[in-house]
Amino acid sequence: MKLIVTGGAGFIGSAFVRLLLSTPGPYEITVLDKLTYAGNPDNLAPVASDPRYKFVQADIADAVAVNAVVDEVQPDAIVHFAAESHVDRSILSPEPVVQTNIFGTFTLLEAARRAGVKRFLHVSTDEVYGSIPEPHEADENYPLIASSPYSASKAGSDLLALSYWTTYKMPVMVTRASNNYGPYQFPEKLIPLMIANALEGKTLPVYGDGQQIRDWLYVDDHCRAILAVLEKGRAGEVYNIGGSRALPNLEVVQRIIAATGLDESSIRYVTDRPGHDRRYALTSDKLTRETGWAPQMEFEAGLAATIDWYRTNTRWIERVRTGAYREYYDQNYENR
Ligand code: NAD
Ligand code: DAU
């Protein structure tokens, strides 16, 4: 089965590629990635010499480049991870978010339609449901109430992708996952940023009161769910993927503090994120019912494994925390 995996040099896309190529199997994979600040060839080093793997550097919003890759590979399926994925960056600078997440997705959908691709899996997020009041959980029919430019761009691209099923009968599936964590995550998101700062003895910037709730999903559990949907999901359907582990941010930070030997004085409460969603909560019952998937990694074990990975892979962190990262960090955190 020939796959094009967009965004395969990023955090989740690279975990998906490593997972598929970790055992003998039917998959031949071409990664299509622009290598933005978040795309890192080091993430794919473990599969670099696998004959089932190829890499093409291209922008998903570049129709000429995308059509050339699709024509050459003639994929059975496209698994679409590529995105500008960080909420804070989308607030500071929404333009690339709209360009990649909406126009890039449109460009890929058109290329897939032209080529008659048999499966198109659009990887999306629970953020499209917005903040969920207690005690509710979003199922796949929950209204889309996106808050940030990032989540609005994902909601827009979800609807666009689904329209290709309704209108053209192109077999599109959409997955909406909760917050991922694990090795190789760029240190701009909560868990890797707090771990990297803690390991360097820096302060830990908690937004607002730190009582916002997120549902944590280990990245390999997410990738197994995506594979299940690719193999068993029904065309035109949306599948939620949750970690079944809701925690307030402050508690996550306190666990990282305890595991890295710091104390609570390293927490710095900073100005809240504008439009900050208070609580995410979703049910993955549909996915479990239809494919048998369930998350396997307990949060305690997953967090310990993640901290160990960052402790061991200091060179990886040093390389990604370059001048451009420092610039972003100062812009986001300096005057908070
Ligand atoms: P990431 O930021 O780590 O990686 C994104 C990848 O996309 C990078 O390799 C980057 O180079 C590539 N990319 C960006 N713009 C591109 C373009 N125009 N053309 C080609 N490649 C481009 O993101 P991630 O955390 O791995 O997220 C992957 C997907 O999963 C995204 O669609 C995101 O919305 C979704 N998602 C993420 C989470 C999470 O917690 N991280 C949760 C649910 C859903
Ligand atoms: O829910 C899925 C989404 O999860 C994905 O679609 C996004 O791609 C991914 O970035 C993530 O979005 P969040 O905004 O929830 O993740 P982030 O790691 O940026 O923040 C998690 C929570 O931690 C959020 O409430 C904001 C807070 N936070 C974050 C950072 C970076 C802090 O308090 N301090 C910080 O420095």
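The values are calculated or read from the model by the stated rules, or taken from the named source; none is laboratory data. Being a predicted model, the structure only gives us computed values, none of them experimental. Virtual Cβ from ideal backbone geometry, glycine too; neighbours counted across all protein chains shown. Just the protein is used for accessible areas: all its heavy atoms, side chains included, with ligands, DNA and RNA removed. Shrake-Rupley method; radii C 1.70, N 1.55, O 1.52, S 1.80 Å.
Here is a yes/no grid of residues against (1) open to solvent by less than 20 Å² (accessible area, probe 1.4 Å); (2) among the hydrophobic types (A, V, I, L, M, F, W, C):
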{"position": "R255", "(1), (2)": "no, no"}
{"position": "P274", "(1), (2)": "no, no"}
{"position": "S284", "(1), (2)": "yes, no"}
{"position": "L287", "(1), (2)": "yes, yes"}
{"position": "T306", "(1), (2)": "yes, no"}
{"position": "N332", "(1), (2)": "yes, no"}
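When A161, A155 are screened for being of a type outside the set (V, I, T), crowded, with 19+ Cβ neighbours inside 10 Å, farther than 19 Å from R279 by Cα and within 14 Å of ligand 1 (Cβ to nearest atom), only A161 passes. The set of residues in the stretch 315-326 that are open to solvent by 60 Å² or more (accessible area, probe 1.4 Å) and either touching a residue at least 24 places away in the same chain (Cβ under 8 Å) or within 16 Å of ligand 2 (Cβ to nearest atom) (or both) comprises R319, A324, R326. Sub-6 Å Cβ pairs linking a first residue in the stretch 44-67 that is touching a residue at least 40 places away in the same chain (Cβ under 8 Å) to a second residue that is more than 14 Å from ligand 1 (Cβ to nearest atom), at least 6 apart or interchain, number zero. Here G261 meets each of (1) at pLDDT 95 or above; (2) surrounded by fewer than 17 Cβ atoms within 10 Å (Cβ to Cβ) with one exception, condition (1). For Y310, the stated conditions do not hold, so it cannot be described as touching a Pro at 6+ places or on another chain (Cβ under 9 Å) and surrounded by fewer than 16 Cβ atoms within 10 Å (Cβ to Cβ). Exactly one residue out of R278, R234 is open to solvent by 70 Å² or more (accessible area, probe 1.4 Å), of a type in the set (K, R), away from ligand 2 (no atom under 11 Å from the Cβ) and over 29 Å from G201 (Cβ atoms): that is R234. Counting only strands (runs of 3 or more DSSP E) that sit wholly inside the stretch 237-336, those with at least 1 residues that are more than 22 Å from A38 (Cβ to Cβ) and β-branched (V, I, T) are 238-241, 267-270.
When the stretch 198-220 is filtered for residues that are open to solvent by less than 10 Å² (accessible area, probe 1.4 Å) and part of a helix (DSSP H, G or I), the ones remaining, listed by number, are A198, V219.
All but one of (1) within 16 Å of ligand 2 (Cβ to nearest atom); (2) touching a residue at least 12 places away in the same chain (Cβ under 8 Å) hold for L20; which doesn't? That leaves (1) as the condition not met.
Is there a residue in the stretch 60-76 that is of a type in the set (A, V, I, L, M, F, W, C) and closer than 27 Å to S284 by Cα? The answer is no, given that none of the residues of the stretch 60-76 is of a type in the set (A, V, I, L, M, F, W, C) and closer than 27 Å to S284 by Cα.
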